[in-house]
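The values are calculated or read from the model by the stated rules, or taken from the named source; none is laboratory data. Computed from a predicted structure; not experimentally measured. Cβ placement follows ideal geometry from the backbone for every residue including glycine, while neighbour counts extend to all protein chains displayed. Calculation scope for accessible area: heavy atoms of the full protein, side chains included, ligands and nucleic acids excluded. Shrake-Rupley method; radii C 1.70, N 1.55, O 1.52, S 1.80 Å.
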Amino acid sequence: GPFVNTTGWTGQNSATLSVASGQLRISGNGTTAFPFASTPFTTVVGRGYFINANVAFVSGVNDSVYIQKSDAAATVVNGVFSNTAPATSKTLFFIATATTTFLQLVSDDATDVYDWNNISVRELAGNHAFQSSSASRPILRARYNLLTYSEQFNDAAWTKPRLNVTQNAELA
């Protein structure tokens, strides 16, 4: 739904947060680069998540905006950027590396003002076989030939219309 207040969000790098027409407005102070809003959410380590949000330019220099995630409120860990042009929709996919992850909505320029809405965090359903420790990964121990007697074409398992096969006539 629309924003009513900024509860749960924190302004970082001198960002001012407000609500305008049901959207989260993030304003820079004009001097500190990369103003952003941050909010924590619970994640399960090793699971994949999609973050989606819509953004609209309000004022400033219409510079790049992006979504990133962090394992700490102000420090980017494995930041992943969406397309950086000030488009209307941003998407981020990541694998959680902590039980609390911070969503960060960032502007490149200290003078920019952007409105964000329709922000959603969704876990990617299913088992995606992600294993960060190589010692715990499964090992393929043997290869299995799915074709019976593929090394022995003169065997009765093979149908040989219009073909004569001589056993061990050539080296493989």
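For residues in region 76-101 being assigned to a strand (DSSP E or B) and open to solvent by less than 40 Å² (accessible area, probe 1.4 Å), which is modelled with the highest pLDDT?
So in region 76-101, the residues assigned to a strand (DSSP E or B) come out as 89-95, 100-101.
Filter again for open to solvent by less than 40 Å² (accessible area, probe 1.4 Å), leaving 90, 92, 94, 101.
Details: K90: 82, L92: 84, F94: 85, T101: 91.
The residue in question is T101.
Mind checking which pairs have a first residue in region 91-102 that is over 14 Å from G46 (Cβ atoms) and a second that is modelled with pLDDT under 85 and surrounded by 14 or more Cβ atoms within 10 Å (Cβ to Cβ), Cβ under 6 Å, 6 or more apart or different chains?
Partner pairs satisfying both residue conditions: T91/S82; L92/I67; L92/V80; L92/S82; F102/S70.
So which of Q131, Q152, Q104 is in a loop (DSSP other than H, G, I, E, B), among the polar types (S, T, N, Q) and at pLDDT 65 or above?
Q152
Could you list, in sequence order, the residues of region 14-59 that are in a loop (DSSP other than H, G, I, E, B), modelled with pLDDT of 90 or more and surrounded by 15 or more Cβ atoms within 10 Å (Cβ to Cβ)?
Hits for region 14-59 are S14, A15, G28, P35, T43.
Do you know which residues across region 102-114 are open to solvent by less than 10 Å² (accessible area, probe 1.4 Å) and touching a Lys or Arg at 6+ places or on another chain (Cβ under 9 Å)?
Across region 102-114, the qualifying residues are L103, Q104, L105, Y114.
In this structure, does N62 turn out to be surrounded by 10 or more Cβ atoms within 10 Å (Cβ to Cβ), assigned to a loop (DSSP other than H, G, I, E, B), at pLDDT 75 or above and not aliphatic (A, V, I, L, M)?
Yes.
Consider L140 carefully, then state whether it is assigned to a loop (DSSP other than H, G, I, E, B), at pLDDT 65 or above and open to solvent by 100 Å² or more (accessible area, probe 1.4 Å).
In short, no.
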